[in-house]
Amino acid sequence: IDTIYYIPRFLSRIDQKELVHWLQLLPETNIQDQHNPVGRWNSMKYGKRRVAMFDHTKELPGPLLQLSQILTERGIFSDEKYPPNHVLINEYQPGHGILAHTDGPAYYAKTATISLGKSSVLLNFCPRLETYEIGQVDPEIAAQIHLEGDGSLIVFADDAYTNFTHSIEEIDARTGAKEVVSEKCCNAKPGTFLDRGYRLSLTFRHHL
């Protein structure tokens, strides 16, 4: 897949520490706030994780606005036409994953995700199935990326965004289970064992 790009240590350690601190201070959504959950932590009933969203209806808060400007300055997003205006934050506890999905047509076909928390995970890209194939075909991994929780950045666009799903496998960290790098991994040695700890991801997109 030609339209996947990975940059380790995109953020400095100081920037990472300050950002994690800011994220952990975000308020939790309560009953009174359910009609306006933007900018608050929300606990997913089935996803087993907390998420926070900042959408295009309001200007991004300072730390996220600064990151969006950096992404634009580096040429990852277009300043004039498709600047990042939507940020989804996922908080993963040890072993937690996310099911295979695409980000959909509501966004410009480019996603940039920063990983924090010092925990490594494997992001799997599989061919997107046709409707009639769902439940009938088990898609094989086409590419795998080792995401390091050191402020790394992964960007995928165009073909990778539209024609491939992305996912993180869930493992039972309580039993000491580890994730194993496969032959499809583009940036880590196959057979390497990875510990899955606490991780935060910040996904930047342009909402159309």
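The values are calculated or read from the model by the stated rules, or taken from the named source; none is laboratory data. Worth saying up front: this structure is predicted, and the values here are computed from it rather than measured. No Cβ is skipped: glycine too gets one built from the backbone with ideal geometry, and neighbour counts run over all protein chains shown. The area values use the complete protein model at the heavy-atom level, side chains included, leaving out ligands, DNA and RNA. Shrake-Rupley method; radii C 1.70, N 1.55, O 1.52, S 1.80 Å.
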So the pair-distance distribution of the range 37-130, from every Cα-Cα distance in 10 Å bins, comes to percents of 12, 41, 38, 8, 0
Carbon plus sulfur, as percent of the 1.4 Å-probe accessible area of the chain, comes to 52
Distance in nm between residue 141 and residue 48 label points, each 7 Å along Cα→Cβ, equals 1.8
Measuring from its Cα centre, the range 58-159 shows a charge dipole (+1 at each Lys and Arg Cβ, -1 at each Asp and Glu Cβ) which, in debye to the nearest 20, is 280
Among the range 179-197, those whose backbone N falls under 18 Å of a label point 7 Å along Cα→Cβ from residue 93 are 196-197
If one builds a Gaussian network model of the chain from Cα atoms under 10 Å apart, the most fluctuating residue listed among 106, 188, 173 is 106
Between the residues 70, 129, 157, the Cα farthest towards the positive end of the dipole of the chain, that dipole coming from +1 and -1 charges on the beta-carbon of Lys, Arg, Asp and Glu, is from 70
The range 47-89 and the range 143-208 have their Cα centres apart by a whole-number Å value of 20
Under a Gaussian network model of the chain whose springs join Cα atoms within less than 10 Å, the largest fluctuation of 111, 57, 29 belongs to 57
Over the chain, with neighbouring protein chains present, the accessible area per residue in Å² at probe 1.4 Å is 56
In debye to the nearest 20, the charge dipole size for the chain, taken about the Cα centre with +1 at each Lys and Arg Cβ and -1 at each Asp and Glu Cβ, equals 600
Once residue 106 and residue 189 are pulled to full extension, the length gained, defined as 0.36 nm per residue separation minus their Cα-Cα distance, is 26.3 nm
